[in-house]
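Visitor: Sharing a structure here in structure tokens format.
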Amino acid sequence: AARRGNLHDKLRGPALLVSGMASSRNFRANTYPFRASSHFLYFVGRSMEGSALLFRDGKTLLYTHAPDAADALWHGPRPELSAVCAQLGFDEVRPLDRLSADVAELGDTLATLPTEDARSAAWLSALTGRQQQPGSGDDLRHEADQQLADAMIRLRLTHDAAAIEQLRHAARISAAAHRAGMAATRPG
């Protein structure tokens, strides 16, 4: 929540960040394990496929899949949106089917950053009404997108206390793994 507030302080208008979609292996239904985009993870702390963050009017709205009765059978039960809102400290969590209409209200003032994969870029293009090329973050043409990128760089250039603790935790685990590997290794 603090990270989201810090971005709001740097924004000049509304901004949209998407989590992305799982990449296919050899056909669409056979996907690699999903990992959300780094920016999405930075603000949410959870990998949620096909979800989006809308920074608007000092509030951050999370759009994600609403739970469905069939989820328990096919994917495991999904929490209610109100539970996700409370767990992650959002102003509001809305069903994903509301995203297009809410984004359409914002018009050309909306800033976004491109995704890395083609499927997510196509989804983002449809949402924003602007062509989004995958992996084109180094060539932003829209002024609002450039301002969002600058704000994101300023925000993420210095790690906050939570990120520093995560780095330290990863270093401790890596050191323990190396010690375990050395202890298990014998000559020959």
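The values are calculated or read from the model by the stated rules, or taken from the named source; none is laboratory data. These numbers were taken from a predicted model, which means no experiment stands behind them. Glycine gets a Cβ as well: all are built from the backbone with ideal geometry, and neighbour counts include every protein chain shown. Heavy atoms of the whole protein, side chains included, go into the accessibility calculation; ligands, DNA and RNA do not. Shrake-Rupley method; radii C 1.70, N 1.55, O 1.52, S 1.80 Å.
Visitor: With labels modelled as points extended 7 Å from the Cα through the Cβ direction, what inter-label distance (nm, one decimal) is found for Q166 paired with R28?
Guide: 3.2
Visitor: Given H placed 1.01 Å from N in the peptide plane, which residues other than close sequence neighbours of S51 have an amide H under 5 Å from its amide H?
Guide: S19, G20
Visitor: Follow-up question, since we're still on this one. What whole number of Å gives the distance from the Cα centroid of region 87-124 to the Cα centroid of region 158-184?
Guide: A separation of 34 Å, based on Cα centres.
Visitor: Still on this structure: Sequence gap at least 6, Cα distance under 8 Å: using those rules, report the relative contact order of region 1-115 to the nearest whole percent.
Guide: Working: 174 pairs, mean separation 32.0, N = 115.
Across region 1-115, relative contact order equals 28 percent.
Visitor: Using the crude model of +1 on Lys and Arg Cβ and -1 on Asp and Glu Cβ, and no other charge, please compute the dipole size for region 23-113 relative to its Cα centre, in debye to 20.
Guide: Details: 9 positive and 11 negative charges, 88 e Å.
With Lys and Arg at +1 and Asp and Glu at -1, about 420 debye.
Visitor: Can you pull the accessible area of E92 for me, 1.4 Å probe, Å² to the nearest 10?
Guide: Counting only protein heavy atoms, the figure is 60 Å².
Visitor: Nearest-5 percent of antiparallel DSSP beta bridges in the chain?
Guide: Values: 11 of 17 bridges.
If we restrict to bridges inside the chain, about 65 percent are antiparallel.
Visitor: Still on this structure, please answer the following. Can you give me the % of accessible surface on region 1-128 that is carbon or sulfur? Probe 1.4 Å, all protein chains present, nothing else counted.
Guide: On the way: 3350 of 6700 Å².
Summing carbon and sulfur atoms, their accessible area is 50 percent of the total for region 1-128.
Visitor: Using the basic label-point model (7 angstrom from Cα toward the beta carbon), what is the A175 to Q87 distance in nanometres?
Guide: 3.2
Visitor: With all protein chains present and a 1.4 Å probe, how do H75, H169, H39 order by accessible area, largest first?
Guide: So, going from the largest accessible area down, we get H75, H169, H39.
Visitor: Give the peptides 47-54, 174-181, 125-132 in descending order of average Cβ contacts within 10 Å, highest first.
Guide: Values: 47-54: 20.4, 174-181: 9.9, 125-132: 16.0.
With the highest mean Cβ count within 10 Å placed first, the list reads 47-54, 125-132, 174-181.
Visitor: Sort all Cα-Cα distances of region 78-118 into consecutive 10 angstrom bins from zero, then give the percent of pairs in each bin up to the one containing the longest distance.
Guide: Calculated P(r), rounded to whole percents: 22, 36, 39, 3.
Visitor: What size of dipole, in debye to the nearest 20, comes out for region 1-155 about its Cα centre when the only charges are +1 on Lys and Arg C-beta atoms and -1 on Asp and Glu C-beta atoms? Please list the in-between numbers first.
Guide: On the way: 17 positive and 19 negative charges, 62 e Å.
Roughly 300 debye, rounded to the nearest 20.
Visitor: Taking 0.36 nm per residue of sequence separation and subtracting the Cα-Cα distance, how much length would be gained by fully extending the chain between E49 and E80, in nm to one decimal? Don't jump to the answer; show the numbers that get you there.
Guide: Details: separation 31, 0.36 × 31 = 11.16 nm, distance 1.61 nm.
Working it through step by step, the gained length comes to 9.6 nm.
Visitor: Right, something else. Roll a 1.4 Å probe over the protein heavy atoms and report the accessible area of W123 in Å², nearest 10.
Guide: Spelled out: W123, probe radius 1.4 Å, area about 50 Å².
Visitor: Which whole-Hz ³J(HN,Hα) couplings does region 153-170 yield from phi under the Karplus relation 6.51 cos²θ - 1.76 cosθ + 1.60, θ = phi - 60°, glycine and proline marked x?
Guide: 4, 4, 5, 8, 5, 10, 6, 8, 4, 5, 5, 4, 5, 5, 5, 5, 4, 4
Visitor: Continuing with this model, one more query. Please turn the phi angles of region 57-70 into ³J(HN,Hα) values with the Karplus equation 6.51 cos²θ - 1.76 cosθ + 1.60 (θ = phi - 60°), one per residue in order, whole Hz, x for glycine and proline.
Guide: Those phi angles translate into 6, x, 10, 10, 9, 9, 10, 8, 5, 6, x, 10, 4, 6 Hz.
Visitor: Same structure again: With every protein chain present, what accessible area does T185 have (1.4 Å probe, heavy atoms only), rounded to the nearest 10 Å²?
Guide: Using a 1.4 Å probe on the heavy atoms, I get roughly 90 Å².
Visitor: OK, next. Starting from the Kirkwood radius over alpha-carbon pairs of region 1-81, derive D by Stokes-Einstein at 4 °C in a medium of 1.567 mPa s and give it in µm² s⁻¹.
Guide: Working: Rh = 14.2 Å.
It diffuses with D of about 91 µm²/s by this estimate.
Visitor: Under the rule of at least 5 residues apart or a separate chain, name every residue whose amide H is placed under 5 Å from the amide H of R94.
Guide: L62, Y63, T64
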